[in-house]
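The values are calculated or read from the model by the stated rules, or taken from the named source; none is laboratory data. Keep in mind that what you see is a predicted model, and the values were worked out from it rather than measured. Neighbour counts run over all protein chains shown; Cβ positions are idealised from the backbone, glycine included. Keep in mind that these areas ignore ligands, DNA and RNA; they rest on the heavy atoms of the full protein, side chains included. Shrake-Rupley method; radii C 1.70, N 1.55, O 1.52, S 1.80 Å.
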Amino acid sequence: GIIVYSGLEDRSDDYQHAVIESQSLADGLAAQQEILTNEAKLLCTLLAGLPEVKNRDVDNLQAILAEIHKQSPQYINIMVADAEGQVWASAVPSNTYESVKERRFFKSAQQTKRFSSGEFVISRQLIKPTIHMAYPLLDHNEFNGVIILGFDLNVMHTILEHPQLPYDANYVFVDHNGIIID
């Protein structure tokens, strides 16, 4: 009886330790995600105030976006689209830009007029997995387009490498549809 009791007690202690460790990891990941999201929102706010965005100065804005992109590896691209969803400026140059009108991030930013997230997709232009965020461009509270940031999902791998996970630990990133991202 003592051996069984001792074994159950050890199991209970191990379980409590695992719960605490898991909660600590989840809290750390949530904090990192919040930092990335807040940085993205701040960048979009700053970009929205630029005269190049307000005046649709494509050439100068693309140069600015390309420089920011070069210094910000967490983004696979930074784009600006008009109220119809047509991309008119991009950090990564392209001969053709497709409309983002049907994308979740665009619809949400247009509807709520707030910073909005997208869902897991393969970037049409770069053919890389990403999640987009969109910041609405407003003119007298009228929707005028969005600034779009595509996150490089390898950044999430980097975040997960920092905590010292046990060798047999597993994690799963899912989007709002339950699609497993990683």
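Using the charge dipole of the chain (Lys, Arg: +1 at Cβ; Asp, Glu: -1 at Cβ; taken about the Cα centre), state which of T45, T130, N154 has its Cα farthest towards the positive end.
About the Cα centre, the residue reaching furthest to the positive side is T45.
Based on DSSP H runs of at least 4 residues, each adding -39500 (n - 2.57), what is the mean residue ellipticity at 222 nm of the chain after dividing by all its residues, to the nearest 500 deg cm²/dmol? Provide the component values of the computation, followed by the final result.
Numbers: 5 runs with 82 residues, N = 182.
Using -39500 (n - 2.57) per qualifying helix, the result is -15000 deg cm²/dmol.
Could you tell me which of S24, V80, F120 has its Cα farthest along the dipole of the chain towards the positive end, charges placed at Cβ (Lys, Arg +1; Asp, Glu -1), taken about the Cα centre?
My answer, from the dipole projection, is V80.
Would you mind calculating the relative contact order of the range 1-138 from Cα pairs under 8 angstrom and at least 6 residues apart, reporting the percent as a whole number? Intermediate values should be presented prior to the final figure.
Details: 132 pairs, mean separation 18.8, N = 138.
Rounded, it is 14 percent for the range 1-138.
Mind checking which of G85, G145, G49 has the largest fluctuation in a GNM of the chain, springs on alpha carbons under 10 Å?
The residue that fluctuates most here is G49.
What's the magnitude of the charge dipole for the chain around its Cα centre, counting Lys and Arg as +1 and Asp and Glu as -1 at the beta-carbon? Answer in Debye, nearest 20. Numbers along the way, then the final one.
Details: 13 positive and 24 negative charges, 160 e Å.
That gives a dipole near 760 debye.
Which of the following values of Cα extents along the principal axes in Å was calculated from the structure shown: (i) 65, 34, 33; (ii) 79, 31, 25; (iii) 58, 44, 38?
(ii)
Using a Förster distance of 30 Å, how high is the FRET efficiency between T112 and V155, based on the Cβ-Cβ distance and rounded to 0.05?
Details: r = 25 Å, r/R0 = 0.84.
Rounded to the nearest 0.05, the efficiency is 0.75.
Which of V4, V58, I68 sits farthest toward the positive end of the charge dipole of the range 1-73, with +1 on the Cβ of Lys and Arg and -1 on the Cβ of Asp and Glu?
Ranked along the dipole, the leading option is V58.
Say we join alpha carbon atoms closer than 10 Å with springs in a Gaussian network model of the chain; which of I127, I35, I148 then has the biggest fluctuation?
Ranking I127, I35, I148 by mean-square fluctuation puts I127 first.
For the range 23-102, what percent of Cα pairs sit more than 20 Å apart?
Within the range 23-102, distances greater than 20 Å cover 41 percent of Cα pairs.
Enter the accessible area per residue of the range 19-159 (Å², integer; probe 1.4 Å; all protein chains in place).
Accessible area per residue: 54 Å².
If contacts are Cα pairs under 8 angstrom and at least 6 residues apart, what is the relative contact order of the range 62-109 in percent? Each step should come with its number before you reach the end.
Values: 57 pairs, mean separation 14.6, N = 48.
Answer for the range 62-109 is 30 percent.
Check W88: other-chain or 5+ apart residues with amide H under 5 Å from its amide H, H built from backbone geometry?
V80, A81, D82
I need the calculated FRET efficiency for the pair L126 and N60, taking r as the beta carbon distance and R₀ as 22 Å, to the nearest 0.05.
On the way: r = 23 Å, r/R0 = 1.04.
Efficiency computed from Cβ-Cβ geometry: 0.45.
For the chain, with a Gaussian network of springs between Cα atoms less than 10 Å apart, report the residue from A18, A134, A66 with the top mean-square fluctuation.
The residue with the greatest mean-square fluctuation here is A18.
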